[in-house]
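Read the structure below first, then the notes.
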Amino acid sequence: MHACLPPLDVTPHPSWRAPPLSCDCHFHIFGPYDRFPLDAGRHYDPAPALIPAYLRVAEALGIERMVIVQPSVYGTDNACSLDAAARFGLDRARVVAVVDDGFDAAALADLHAKGTRGVRFNAVSGNGTPLDQLDALARRIAPLGWHLQVYATGAILADLAPRLAALPVEVVVDHMGGVRTADGLDGAGFRALLALLETGRAWVKLSGYRISSAGPPFHDVAPFARALLDAAPDRCLWGTDWPHPSLSDWMPEDGALFDRLGEWAPSAAERRRVLVDNPARLYGF
């Protein structure tokens with residue numbers, strides 16, 4: 001268990017502004033802890049990251065829609081994420097929840113009514129649903145039109161990809177597949193990610209600072225982002241990953257991360273596709 005740095009207090013504006021109806025497809029809310037206590041099985045201790053602080057980030061970037069992703073520190077208790085979606089408003093917010101085989105059809109229907117559109121499997125941070133429930137849960141969420149979101153390392157993804165490709169739901173891959181840029185574009189994890197995208201039923205999140213081997217300003221991520229945008233322009237998404245959980249040595253600056261996206265996708269049309277059109281189609285905005 002380790003303590004995490006809090007998010008930065010100020011988000012300087014990036015060099016460009018998101019187009020109207022842009023969506024941050026990946027961030028988390030932590031707390032307040034008197035209402036939403038952390039799960040005992042967590043592997044890190046996040047600082048509080050509350051709705052007003054996130055809204056300051058969204059305003060600085062021009063974000064109008066948002067997808068709250070259930071973090072591992074809450075286990076399968078989705079109350080904090082669902083509360084955030086309700087407070088943002090279901091006209092502009094969705095949730096990717098964490099469930100297990102204990103959730104019956106009524107519980108899943110209730111999650112759907114509260115804005116849930118996907119289920120996350122986390123094979124990195126621990127305290128998540130075991131991967132052996134992957135196939136059964138995919139079959140159960142398929143009638144709801146949900147997708148399955150996977151956070152894995154590149155090595156895990158390379159082994160898991162054939163199984164993901166056979167599922168009866170669409171798959172969203174977190175953080176550019178969890179690969180390491182030092183492994184190169186020909187690394188097994190990145191090749192597996194590209195193969196998944198070639199099926200036409202997989203999506204990828206470009207919140208890719210976590211794959212950097214060089215560190216800030218993350219210029220080594222650019223070739224990987226460009227390869228993904230070329231491979232699946234209509235199935236690439238972007239997220240801040242705010243408040244950047246589990247980091248304890250340094251904290252990214254969200255305006256600078258947004259500038260990286262602008263460099264990866266320099267045209268207005270491509271930016272609109274990643275930030276507006278693709279999220280609207282996947283999350284049902």
Evaluate segment 35-49: report whether one residue or more is in contact with a helix residue (DSSP H, G or I) (Cβ under 6 Å, 6 or more places away or on another chain) and charged (D, E, K, R).
-> yes
Can you tell me which residue among Pro266, Pro279 is at pLDDT 95 or above and in contact with a strand residue (DSSP E or B) (Cβ under 9 Å, 6 or more places away or on another chain)?
-> Pro279
Determine if segment 40-57 includes at least one residue that is part of a helix (DSSP H, G or I), within 17 Å of the chain's Cα centre (by Cα), surrounded by 20 or more Cβ atoms within 10 Å (Cβ to Cβ) and modelled with pLDDT of 95 or more.
-> yes
Considering each residue of segment 181-199, count those that are small (Gly, Ala, Ser) and in a loop (DSSP other than H, G, I, E, B), and give that number.
-> 2
State all residues of segment 51-96 that are farther than 22 Å from Val274 by Cα and of a type in the set (A, V, I, L, M); if no residue qualifies, say none.
-> Ile51, Ala53, Val73, Ala79, Leu82, Ala84, Ala86
Across segment 178-196, the tally of residues that are surrounded by 21 or more Cβ atoms within 10 Å (Cβ to Cβ) and at negative phi stands at 7
Which strands (runs of 3 or more DSSP E) does segment 73-180 wholly contain that include 1 or more residues that are hydroxyl-bearing (Ser, Thr, Tyr) and under 22 Å from Arg281 (Cβ atoms)?
-> 116-122, 147-151
Top-ranked residue of segment 70-88 - restricted to ones that are free of Cβ contacts under 8 Å to residues at least 40 places away in the same chain, within 24 Å of Gln133 (Cα to Cα) and out of contact with any Asp or Glu (no Cβ under 7 Å at 6 or more places or on another chain), ranked as surrounded by the most Cβ atoms within 10 Å (Cβ to Cβ) = Asn78
Sole exception among (1) surrounded by fewer than 21 Cβ atoms within 10 Å (Cβ to Cβ); (2) under 26 Å from Leu157 (Cα atoms); (3) in contact with a Leu (Cβ under 8 Å, 6 or more places away or on another chain); (4) not aliphatic (A, V, I, L, M) for Thr116, by number | (1)
Selection count, segment 4-26, where residues are of a type in the set (Asp, Glu) and either outside any loop (DSSP other than H, G, I, E, B) or surrounded by 15 or more Cβ atoms within 10 Å (Cβ to Cβ) (or both) = 1
Collect the residues in segment 11-41 that are closer than 15 Å to Ser72 by Cβ and touching an Asp or Glu at 6+ places or on another chain (Cβ under 6 Å), keeping them in residue-number order.
-> His26
Hey, can you tell me all the residues within segment 248-277 that are within 19 Å of Tyr151 (Cβ to Cβ) and crowded, with 18+ Cβ neighbours inside 10 Å?
-> Pro252, Leu257
Qualifying position, being more than 26 Å from Ala49 (Cβ to Cβ) and touching a Ser or Thr at 6+ places or on another chain (Cβ under 7 Å), among Ser267, Ser213 | Ser213
Regarding Ala84, is this residue more than 24 Å from Trp146 (Cβ to Cβ) and among the small types (Gly, Ala, Ser)?
-> no
Is it fair to say Arg87 is modelled with pLDDT of 95 or more, farther than 25 Å from Trp250 by Cα and basic (Lys, Arg)?
-> yes
Single condition Gly239 does not satisfy, out of (1) of a type in the set (Gly, Ala, Ser); (2) part of a loop (DSSP other than H, G, I, E, B); (3) out of contact with any Leu (no Cβ under 7 Å at 6 or more places or on another chain); (4) more than 26 Å from Gly62 (Cβ to Cβ) | (4)
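The values are calculated or read from the model by the stated rules, or taken from the named source; none is laboratory data. All values reported here derive from a predicted model rather than from experimental measurement. All Cβ positions, even for glycine, are placed from backbone atoms using ideal geometry, and neighbour counts span all protein chains on display.
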